[in-house]
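Q: Could you have a look at this structure, given as structure tokens, before my questions?
What follows draws every value from the coordinates through simple rules; no lab data is involved. This one's a predicted model, so the numbers in the text were calculated from it and none came from an experiment. Note that we place each Cβ from the backbone using ideal geometry, even for glycine, and neighbour counts take in every protein chain shown.
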Amino acid sequence: MMPYAVGLTGGIGSGKTTVAGLFAELGAGLVDTDDIARAMTGPGQAAVSEIAQRFGPLYVTAHGALDRARMRKLAFEDSRAKNELESILHPLIRRESERLVANSTAPYVILVVPLLFESGAYQTLVRRVLVVDSDQETRIERVTRRNNLPREEILAIIASQIDQAERMRRADDVIRNDGDVAALESQVASLHRKYLGLAAES
């Protein structure tokens, strides 16, 4: 039987990685689809070869990895290219996610999927959905600091994702992340106890 898995999602800059790390510190298993995607588009990976065939060598770095910045720009400008890229990567990421969740020996697993609601491909893997919530200006500030992206590009990414109100409506659980570390840790600890109980009952 598959381990009890909680899908963790939220808009860009909401703090998903921070929250997931806190759960992992408490003993939860952790599977992050962004980490899987980075590994699969690293130097010499099969996905990179297929991307090069579809889009050309300009989208591969000198080290043989996906040129993420160039590909991100193309995907935002060309919806057909975005769909083609997703048709290559998403099935691979989904299969690897399932394998990692299935092999986890933790009491429960946090499965981080930024586009959990948008993709719909992970609904059968998770028993609950946890949304990390944060106000938009805080999110923009975090992404600017982390990725050095212009505000217009960050706003375009936010606009391409599901509306935060819709995320909240579909969430089973919500964590508010406004930068108060103690409050964040308290929320995670409370949900950790809840998930341990739910996993034990399942």
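Q: Calculate the tail of P(r) for region 1-45: the fraction of all Cα-Cα distances greater than 14 Å, expressed in %.
A: Values: 588 of 990 pairs.
Pairs farther apart than 14 Å: 59 percent.
Q: Counting alpha carbon pairs within less than 8 Å and at least 6 residues apart, what relative contact order, in whole percent, applies to region 1-75?
A: RCO, region 1-75: 17 percent.
Q: Test of understanding: what is the full-extension gain from Ser79 to Ile162, defined as 0.36 nm times their sequence separation minus their Cα-Cα distance?
A: Contour length minus Cα-Cα distance gives 28.3 nm.
Q: Identify all lysines with a Cα-Cα distance to Lys16 below 22 Å; exclude those on the same chain that are fewer than 8 residues away in sequence.
A: Lys194
Q: Among the DSSP beta bridges whose two residues both lie in the chain, what percent are antiparallel, rounded to the nearest 5?
A: Among the beta bridges of the chain, antiparallel pairing accounts for roughly 5 percent.
Q: Across the Cα atoms of region 43-82, what radius of gyration and what greatest pairwise Cα-Cα distance (Dmax) are found, in Å?
A: Spelled out, the Cα radius of gyration and Dmax of region 43-82 are 9.6, 27 Å.
Q: Something else about it: I'd like the orientation of helix 136-147 relative to the chain: the angle between its Cα long axis and the longest Cα principal axis, in ° from 0 to 90, rounded to 10.
A: Roughly 60 degrees, rounded to the nearest 10.
Q: Give me Rg/Rg_expected for region 22-109, where Rg uses Cα atoms only and Rg_expected = 2.2 N^0.38 Å with N residues.
A: Rg over 2.2 N^0.38 Å, computed on Cα atoms: 1.25.
Q: If you take the C-alpha gyration tensor of region 86-194, multiply each eigenvalue by 5 and take the square root, what semi-axes do you get, largest first, in whole Å? List each step's numbers first, then the result.
A: Numbers: eigenvalues 119, 88, 36 Å².
Taking √(5λ) for each eigenvalue gives 24, 21, 13 Å, largest first.
Q: For the chain, restrict the atom set to alpha-carbon positions and state the Rg and Dmax in Å.
A: Both quantities, over Cα of the chain: 17.4, 51 Å.
Q: Still on this structure: Leu58 versus Lys194, label points 7 Å from Cα toward the beta carbon: distance in nm?
A: With each label point 7 Å from Cα toward Cβ, the separation is 4.8 nm.
Q: For the chain, find the longest principal axis of its Cα atoms and tell me its angle to the long axis of helix 46-55, 0 to 90°, nearest 10.
A: So the helix axis and the longest Cα principal axis differ by about 50 degrees.
Q: May I pose another question? Considering all alpha-carbon pairs of region 80-146, what whole percent are spaced by more than 20 angstrom?
A: Tail of P(r) above 20 Å: 46 percent of Cα pairs.
Q: About its Cα centre, how strong a charge dipole does the chain have in debye, to the nearest 20, once Lys and Arg get +1 and Asp and Glu get -1 at the Cβ? Don't jump to the answer; show the numbers that get you there.
A: On the way: 25 positive and 27 negative charges, 57 e Å.
Dipole of the chain, to the nearest 20 debye: 280 debye.
Q: Report, in degrees rounded to the nearest 10, the 0 to 90 angle that the Cα long axis of helix 181-201 makes with the longest principal axis of the chain.
A: Taking Cα atoms only, the helix is inclined about 80 degrees.
Q: Got the relative contact order for region 123-202 handy, in percent, Cα pairs under 8 Å and 6 or more residues apart?
A: Relative contact order here is 40 percent.
Q: Pairs of alpha-carbon atoms within less than 8 angstrom and 6+ residues apart define the contacts here; what relative contact order does the chain have, in percent? The partial results should precede the final answer.
A: On the way: 275 pairs, mean separation 73.2, N = 202.
Dividing the mean separation by the residue count of the chain yields 36 percent.
Q: Post the alpha-carbon centroid distance, region 149-173 to region 70-113, in whole angstrom.
A: 18 Å
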